[in-house]
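Asker: Structure below; questions to follow.
Throughout, read-outs are computed from the coordinates displayed, never taken from laboratory work. Bear in mind the structure is a predicted one, so any value in this text is a computation, not a measurement. Neighbour counts are summed over all protein chains in view; Cβ atoms, including those assigned to glycine, are modelled from backbone coordinates with ideal geometry.
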Amino acid sequence: MASKHVSRDPALVDRDQQILSRLARIEHKVDSIDQTNAFALRADETKHQASVKAIFGGSVRRAQVYLAADGTRTVQEIATFLNMVRPNVSRELSELTREGLLEITESSADGDVYSKKAVDRTLRITSFLCKEYSLDKSGRALKGKVAKKSRRKNKA
């Protein structure tokens, strides 16, 4: 068996290396911008946490739905997971999306899948909600603890 040696044009190899090098520089710059934005947001963390508190408004259900939106569950799966009715989950997901905290990352015949935006990590929203409402990272009440009650009636 004869081995075939494919020779590539040195000009193409050089061009490909230049493209990869440029992409690496762009990726580095994007990472730097993200880090700078995170630093700026954290500098005003107290102000931003007040906004987060206003968005959740003492609603345990909204906090649970937010935490359960992990990028793998559809609306119905979140409802089932949290033992809630779908219309209530849909309402909370819509509001959280309008507020800029969640985004639809996948749509299929089974439904839309929601994920937290990068601001969650920057402002540590998940951690804040877990402490504030005695919930685990998936939105369920911690064992032995009762989640704080909403100031308004919280059905389902």
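Asker: Over 16 Å, how big is the tail of the calculated P(r) for region 84-146, in percent of all Cα pairs? Display every interim value, and only then the final one.
Answerer: Details: 1113 of 1953 pairs.
Result: 57 percent of Cα pairs exceed 16 Å.
Asker: Let me ask you something else. Straight-line reach only, C-alpha to C-alpha below 17 angstrom: list the aspartates and glutamates that Lys131 could link to, leaving out same-chain residues fewer than 8 apart.
Answerer: Glu45, Asp120
Asker: Which of the peptides 82-91, 59-68 is most tightly packed, and how do the rest follow, judged by the mean count of other Cβ atoms within 10 Å per residue? Show your work: numbers first, answer last.
Answerer: Values: 82-91: 16.2, 59-68: 24.5.
Going by the mean number of other Cβ atoms within 10 Å, highest first, we get 59-68, 82-91.
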